[in-house]
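To keep things clear, I will list the structure first and then write my remarks on it.
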Amino acid sequence: DPSAMLMYSIGGKVTSVGSGMSTVQLYRGNNLKISWNLSGSSAAYNFEGVQAGIYQVTASKAGHVTRTQEVVVTDQAVTCDMKLQLLGDVTGDGQINMGDVAKIYGHSKGVAPITDSYILQCADVTGDGRVNVADAGRLSAMIRG
């Protein structure tokens with residue numbers, strides 16, 4: 001199949017809060033294909049020489065929740081922009097405050113369910129795989145110091 005030999009690219013921008021290094025990795029299945037280190041709060045990456053197929057792009061940064069997106073490469077270059085959020089930053093505004101606590105509390109009471117899987121990871125402050133009142137309490141205590 002001649003199309004199997006065609007090469008494309010997966011690229012985009014990773015945004016986050018604060019300076020420091022973030023890492024973007026490209027996986028095909030469980031196999032790491034390539035890894036890039038990026039600096040700053042907004043940086044571009046580009047994985048070249050990618051064959052058609054299904055990939056996972058993972059972005060991580062200290063203090064932030066790791067994000068993974070599935071990317072399907074068919075017959076052209078693919079753009080995959082990713083925003084990393086701090087653990088507890090449920091509103092996505094780059095800050096951790098009582099607005100985030102309120103969102104977690106609303107979710108835990110069923111008043112305003114959080115449906116985005118990445119935001120649910122950001123809301124799981126206790127790291128127990130669930131978002132509940134304990135997360136709201138832990139985040140509130142963190143804010144108060």
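Against the chain, whose longest principal axis comes from its Cα atoms, helix 98-108 is set at around 90 degrees.
What FRET efficiency comes out for the pair ASN97/SER117, r = Cβ-Cβ distance, R0 = 30 Å, nearest 0.05?
Details: r = 23 Å, r/R0 = 0.76.
My answer for the efficiency is 0.85.
Label zone of ARG144 (point 7 Å out along Cα→Cβ, amide N under 12 Å): in region 87-111 this covers no residue at all.
Given a Förster distance of 25 angstrom, what is the FRET efficiency for MET5 paired with THR58, based on the Cβ-Cβ distance and rounded to 0.05?
Details: r = 26 Å, r/R0 = 1.05.
Computed FRET efficiency for MET5 and THR58: 0.45.
Dividing the Cα radius of gyration of region 1-136 by its Kirkwood radius returns 1.06 for Rg/Rh.
Beyond 11 Å, what share of the Cα-Cα pairs of region 1-40 remains, rounded to the nearest whole percent? Cα-Cα pairs of region 1-40 separated by over 11 Å account for 73 percent.
About its Cα centre, the dipole of region 71-145 is roughly 360 debye, where the only charges are +1 on Lys and Arg Cβ and -1 on Asp and Glu Cβ. Between LYS83 and ASP128, what FRET efficiency comes out of the Förster formula 1/(1 + (r/R0)^6) with R0 = 22 Å and r the beta carbon distance, rounded to 0.05? It comes to 0.35. Note on region 17-130: lysine pairs with Cα distance below 26 Å, sequence gap of 8 or more or different chains, count 5.
Every number here is computed from the coordinates shown, using simple stated rules; none is lab data. The model shown is predicted, which means the values in this text are computed figures rather than measured ones. Methodologically, a virtual Cβ is constructed for each residue, glycine included, from the backbone with ideal geometry; neighbour enumeration extends over all protein chains shown.
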